[in-house]
Amino acid sequence: LGFVGMAIFGGTLPATRIAVSAIDPLALTSLRTAIAGVCSLALVIVLRRPFPPRALWFQLAVASLCVAILFPFLMALAVQTVDASHSGVVMGALPIATAFVAVLITHERPKPLFWIASLAGAALVVAFALRQGGGALSSGDLLLFAAIAASAIGYAFSGRLTARMPGWEVISWALVIALPVSLPAAVIALPADVEHIALRPWLALLYVALFSQWIGFFAWNAGMAMGGIARVSQMQLLQPFVTFALAATFAGETITPQTLLFAAAVVVTVAISTRTRSRPQPVPEA
């Protein structure tokens, strides 16, 4: 399930880059979150799901702020200046960030080998990003690192909430909570020249709204609930290479032999880390 969620998220960067070619980052973020929020609201109403207990509101609010607002906005800003392939490499640092946050907010205690493999994987993706950038990080890279921080916090809180409710319900309520912000923002930020925007950016918007922002979390959150946040988050070390493939297919970006060798090295670290089980402790009720 973690792999399925990761594969869906792998299309986020190429789709976002296509979308921001015609829709500015603020409008894109507002629209994707509002569309996903309306779908989420319809789902919880149809299934007659009760509103979450008050004890969970803070965690839902944090997850909502991070995964529904900050992460998509920072990422959309970043891909205006860096391509999807480069962004995919930098975002490869997300698994270790998520695991680190998970250790801070939960009682997961991964074994030393887990950390060794995770740090090796993170070092590989950062080294590749620096190599591609000539040894320097651009403003786009800094925005991506900020997006990583926001996403890691959001993923970790979402994963913790799955101990209390199904994963699909966690992301759905997080998006519903964001509606009072996302809906007015979508109306205000809607591009004035809507009729002149081509079909391709609209399709990209629908992908990031329905799949990246909503459906992907159904599988992702369920996977974290079953396998542990720190352990399952390591699946995202593979995400840059899903992004590469989609960027090459839909954006014409080139995959070099260096990228393929790098992919093989990261897959090794993923294989090691996912075989190293975490030692979760009971999650407190409040």
Single residue of 226, 235 found to be surrounded by fewer than 18 Cβ atoms within 10 Å (Cβ to Cβ) and of a type in the set (A, V, I, L, M, F, W, C): 226
Qualifying positions in region 187-225 - of a type in the set (Gly, Ala, Ser) and at pLDDT below 95: 189, 192, 198, 212, 216, 219, 222, 223, 225
Region 195-212: number of residues that are over 17 Å from residue 7 (Cα atoms) and open to solvent by less than 80 Å² (accessible area, probe 1.4 Å): 5
Pick from region 1-57, criterion open to solvent by less than 80 Å² (accessible area, probe 1.4 Å) and not in a helix (DSSP H, G or I), ranking: nearest to residue 91 (Cα to Cα): 10
Answer residue from region 62-89, given it is at pLDDT 90 or above and of a type in the set (Gly, Ala, Ser) and is farthest from the chain's Cα centre (by Cα) among those: 78
Helices (runs of 4 or more DSSP H) wholly inside region 61-167 that include at least 2 residues being surrounded by fewer than 19 Cβ atoms within 10 Å (Cβ to Cβ) and not aromatic (Phe, Trp, Tyr): 94-105, 112-132, 139-161
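The values are calculated or read from the model by the stated rules, or taken from the named source; none is laboratory data. Because the structure is predicted, anything quoted here is derived from the model rather than measured. In this analysis, Cβ positions are derived from the backbone assuming ideal geometry, glycine residues included, and neighbour counts consider all displayed protein chains. Side chains are part of the model used for accessible areas, which takes the heavy atoms of the whole protein and leaves out ligands, DNA and RNA. Shrake-Rupley method; radii C 1.70, N 1.55, O 1.52, S 1.80 Å.
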